[in-house]
Each structure stands twice: as C-alpha cells, then as structure tokens.
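What follows is a short report on a single structure.
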Amino acid sequence: MKQFAICLLLFTGFFPYAFAREKYYTCVNTNQIHTLQVKVAGTMMSDPVIRFDSGERIEINFDAIGHNYNRFAYSIVHCDADWTQSALIPIEYMDGFQGLTIDDFATSVNTTTQYTNYILQLPSEEVRFKASGNYAVCVYRENEPDKILFTACFSIEEPLVTLSGGITGNTLADFNREHQQVNFAIDHRNVPIAYPQTDLKIYVFQNNRRDNAVTGLKPSTILRDRLIYDNNRDLIFEAGNEYRRIEFLSNKYNGMGIAGIQFHNPYYNVEVMTDRPRSGQPYQYDQDQDGRYFIRCSGCTDPDTEADYYIVHFALVCPPFPDGAVHLHGHLLNNVLDGNSQMTYNSETNRYEKAILLKQGSYNYQYAFLPGETGSTQPGVIEGNNYQAENEYAIYVYYRPMGTRYDRLIGTATLKNIM
C-alpha cells in the first residue's frame with residue numbers, strides 16, 4: 001500500500017496538470033510554433049479520432065520557426081467528455097512514460113523562412129492506450145515542463161454503438177431559410193444502456209467547432225435497442241455559409257483568391273483579395289473543406305519541409321461593429337477565438353485587417369462576429385445563414401454508467417448535408 005501511494009505521488013507530481021479542472025483544446029501558446037495539425041495519420045484532412053486496436057494512429061504535425069533545433073517533450077492527459085481531466089491516473093489509461101521526447105523531425109529545405117518540422121504519432125512503440133475517450137497532448141521544451149507551448153487534442157473510440165441520421169433545412173425554427181436540423185439514432189444492441197438519460201453524454205459539433213457545440217441531449221424515443229433523437233430544438237444550428245477559400249502554392253504566381261505577392265525582407269507577403277460581408281446575399285455553392293486547410297506547394301515533393309512561410313494579409317471592408325469584435329475563424333487558427341484571431345479596424349481604409357504567418361497551402365476561413373466579452377460566436381452576422389450550406393456534423397457518444405470513473409467514447413459518426 002505504501003509503495004502504491006509513492007507511485008501515485010510520483011505520477012501526479014511529475015505531471016503538471018494533475019487534477020486540474022481546466023478544459024483542454026487544441027491551441028498554441030507561443031509564436032514559435034506554427035501549422036499545428038492533428039489528424040489521422042495517412043490522411044490529408046480528417047477529424048482527430050481513431051478506433052481502439054484498429055492500427056490507426058493520430059498524427060500531430062507542427063513546425064518550430066527558427067534556425068535552432070529544439071528538444072520537445074510531451075505528456076498525455078485523459079479527459080472526460082467535457083474535456084476536463086478525468087479521474088484516471090496515467091497508469092490506468094496508458095502504457096508508457098510521461099515526458100518522452102519527439103524524435104521525428106526534419107529541417108526545412110530551400111525556404112526563406114527556416115523551420116524544423118516535427119511529427120508525433122500515437123499510439124507508438126513507447127505509448128499504448130488502455131482507455132477510450134478524449135486525450136490532450138501537452139508539449140513543452142524538455143527542460144521546461146511547466147511551460148506548455150501547445151496542446152493537441154484527439155479521441156479514441158471503442159465502437160460499441162452504430163449511429164445513423166441526416167440533416168434537413170426543415171426545422172422547428174424556420175423552413176428552408178437560415179437553420180439546419182440534425183436528427184440521428186443510436187443502435188446499441190451490442191451494449192445494454194439501462195438509463196440513457198443519465199448514462200450517455202452526447203456532443204454534436206458543427207465543422208469541428210467547439211464554440212457552438214450541443215450537449216445535454218435526451219432521446220425523443222426510447223426503443224429496446226435504439227435511441228432516437230428527432231426534432232430536438234437543441235439540435236437546430238445556424239446554417240452559416242460556405243467557407244471562403246484561398247490558395248498560395250508559389251511566389252511566382254497568384255493563387256486562388258490572391259491579389260498579389262511581394263517580398264519584404266525577411267518574408268514574402270501575400271495580399272488576399274478584399275472581402276465583403278455576405279449576409280443578405282443570395283447563396284452561392286462552393287466546394288469548401290468545412291473550415292480545414294492542407295499544406296502543399298508547387299513543384300515540391302515533401303510539403304512538410306519544402307513549403308515556405310508567407311505573411312498573409314486579410315481584409316474585410318465594412319463599417320465597424322461597435323458592440324463586439326470581428327475574428328478570423330477556421331482551422332488555420334485552430335477554431336479558437338482569441339487575441340491571435342481578432343482583427344483590427346482601420347478607419348483610414350474602412351476595413352478590418354489581420355496579418356498572420358501561414359505555410360503554403362490551401363485554406364478555408366470565414367469572419368465571425370463576437371459580441372461583448374461573454375457573447376456567443378455569430379459567423380452569420382457577416383457571412384449570412386443559408387440552409388443550403390454544406391456542413392459537417394460530428395456526433396460523439398460517451399457512456400458512463402453509475403459506479404464507473406470516466407467517460408468511454410463508444411461511438412462516433414459524421415453527417416454531411418447535401419441540399
């Protein structure tokens with residue numbers, strides 16, 4: 001018993017976030033780290049979720065800007081459905097050690113901006129997972145474990161239930177106008193769920209955004225092996241619009257949505273074509289990637305190390321919003337609305353402006369209005385809401401019957417509407 005207590009103290013004392021109740025999300029806390037991607041290894045774009053014992057791996061890919069090599073280490077947190085740390089200690093949810101270093105790296109080749117690209121894949125020979133659910137990987141310099149440089153979040157599913165459903169513009173709020181209704185059902189014939197109202201926690205995400213995620217859902221119909229979530233007002237989402245798109249693959253020519261490229265030492269500067277609000281405008285279909293981006297460059301074989309970094313200038317022409325802020329929104333900024341995404345209004349040009357350092361590639365983005373300090377994100381104020389807009393809705397089903405200590409992820413599904 002005494003030996004177990006000592007081991008417990010060692011594990012919790014080593015880990016910097018032991019028993020913290022903060023919520024984890026994919027984010028970057030330093031200007032040195034750029035192009036943080038969390039996806040299924042071997043895919044160009046995907047939601048960060050893998051299945052237990054499937055051979056799939058999560059890939060965490062990022063760049064450290066600068067000439068010097070940095071030795072990065074990481075620790076892994078198991079989280080409950082709400083992304084707060086679970087009650088499990090490391091020896092209960094993983095085989096392996098905290099504080100391992102990231103040893104797969106390569107320096108950039110023939111780029112104006114020097115950087116080192118790092119790749120971490122999990123699970124690995126050093127780390128195996130024992131529990132399903134949510135995970136947060138906290139990365140820091142090896143000699144500074146108390147200073148988290150970035151956090152990368154992903155989920156591991158044990159597929160015990162099957163989900164089916166669809167999206168419709170016919171909602172309880174309006175008919176084929178500004179909203180979309182999500183309806184789905186859970187087939188749980190392989191796992192008995194005695195009390196679905198309390199044993200299940202369900203989260204629904206639109207385009208992998210957390211700011212408008214829906215939870216606290218109760219089934220409208222309970223059958224023997226099937227739970228139906230139909231015509232639920234909580235599952236009505238603002239439809240939004242297709243994401244705006246840009247592409248810059250070379251400094252030799254302007255790509256899609258690019259007005260010009262010029263070199264101002266030490267960076268190439270990319271001017272995005274000036275944007276204007278789309279609220280109130282007729283819907284126009286565009287095949288976007290639901291807010292994602294992917295790295296690519298013209299004439300290169302390995303974009304991870306050959307793609308260059310440019311300063312990209314965004315501009316939105318419109319009157320100022322006196323009661324809130326305008327943010328650049330999308331995976332290019334990890335879907336996080338903070339000081340890094342907030343735009344500045346230029347009264348001389350009558351437009352909101354933002355310049356950020358981005359790696360060559362294809363990007364989706366939109367403009368979001370954030371009223372006050374406690375208001376909810378409102379992309380529709382600028383982008384408009386159109387029921388025809390194609391969106392992805394990811395459904396995560398967590399199971400925690402009475403007497404258990406963590407939220408198991410027992411099923412996921414992604415629904416895409418085609419109007």
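Computed over the Cα atoms, what is the radius of gyration of region 122-164 divided by 2.2 N^0.38 Å, N being its residue count?
On the way: Rg = 14.3 Å, N = 43, 2.2 N^0.38 = 9.2 Å.
Against the empirical 2.2 N^0.38 Å value, I get 1.55 for region 122-164.
Only alpha carbons enter this Debye calculation for region 183-276, each as an equal point scatterer, and the log10 of I(q)/I(0) it gives at q = 0.17 Å⁻¹ is -0.81. Cross-link pairs exceeding 28 Å between alpha carbons, from the set LYS252/LYS416; LYS201/LYS416; LYS39/LYS359: LYS252/LYS416.
For region 103-153, relative contact order (Cα pairs under 8 Å, six or more residues apart, normalised by length) works out to 22 percent. On a per residue basis, the chain carries 47 Å² of accessible surface, using protein heavy atoms and a 1.4 Å probe.
Round to a whole number: what % of the accessible area of the chain belongs to carbon and sulfur, probe 1.4 Å?
Working: 9400 of 19480 Å².
With neighbouring chains kept in place, the figure for the chain is 48 percent.
Amide hydrogen proximity for TYR268: with H placed 1.01 Å from N in the peptide plane, the residues at 5 or more positions away or on another chain lying under 5 Å are ILE311.
Projecting the Cα atoms of HIS331, SER347, PRO282 onto the dipole axis of region 255-411, where Lys and Arg carry +1 and Asp and Glu carry -1 at the beta carbon, places HIS331 farthest toward the positive end. Eigen-decomposition of the gyration tensor built on the alpha-carbon atoms of region 163-218 gives equivalent ellipsoid semi-axes of 25, 14, 10 angstrom, largest listed first.
Between SER376 and SER279, the modelled label-to-label distance comes to 1.6 nm, taking each label 7 Å out from Cα in the direction of the beta carbon.
A P(r) calculated from all alpha carbon pairs of the chain, with 20 Å bins opening at zero, reads 24, 56, 20, 0 percent. Here the 3J(HN,Hα) profile of region 105-116, calculated from phi with Karplus coefficients 6.51, -1.76 and 1.60 at θ = phi - 60°, is 8, 7, 7, 5, 10, 6, 10, 6, 9, 7, 7, 10 Hz, Gly and Pro shown as x.
A straight chain from ASP225 to LEU100 at 0.36 nm per residue would run longer than the Cα-Cα distance by 40.7 nm. Mark the label point 7 Å from the Cα of MET256 along Cα→Cβ and return the residues of region 273-310 whose backbone N is within less than 15 Å of it. Answer for region 273-310: 273, 285-298.
Taking the centroid of alpha carbons for each part, region 198-250 and region 252-271 are 38 Å apart. Which shape class applies to region 92-246: rounded if a/c is under 1.5, otherwise prolate when a/b exceeds b/c and oblate if not, where a ≥ b ≥ c are the square roots of the Cα gyration tensor eigenvalues? Oblate is the answer for region 92-246, as a/c is 1.5 or above yet b/c matches or exceeds a/b.
Distance distribution note for region 311-419: the fraction of Cα pairs above 23 angstrom is 46%. About its Cα centre, region 215-285 has a charge dipole of approximately 100 debye under the convention of +1 per Lys or Arg Cβ and -1 per Asp or Glu Cβ, with nothing else charged.
Placing a label point 7 Å from the Cα of VAL317 along the Cα-to-Cβ direction, the residues of region 343-378 whose backbone N falls under 15 Å of that point are 346-353.
Between the alpha-carbon centres of region 137-159 and region 119-134 there is a gap of 12 Å.
The values are calculated or read from the model by the stated rules, or taken from the named source; none is laboratory data. Because the structure is predicted, anything quoted here is derived from the model rather than measured. So basically every Cβ, Gly included, is an ideal-geometry build from the backbone, and we count neighbours across all protein chains shown. In case anyone asks, the SASA skips ligands and DNA or RNA and just uses the protein heavy atoms, side chains included. Shrake-Rupley method; radii C 1.70, N 1.55, O 1.52, S 1.80 Å.
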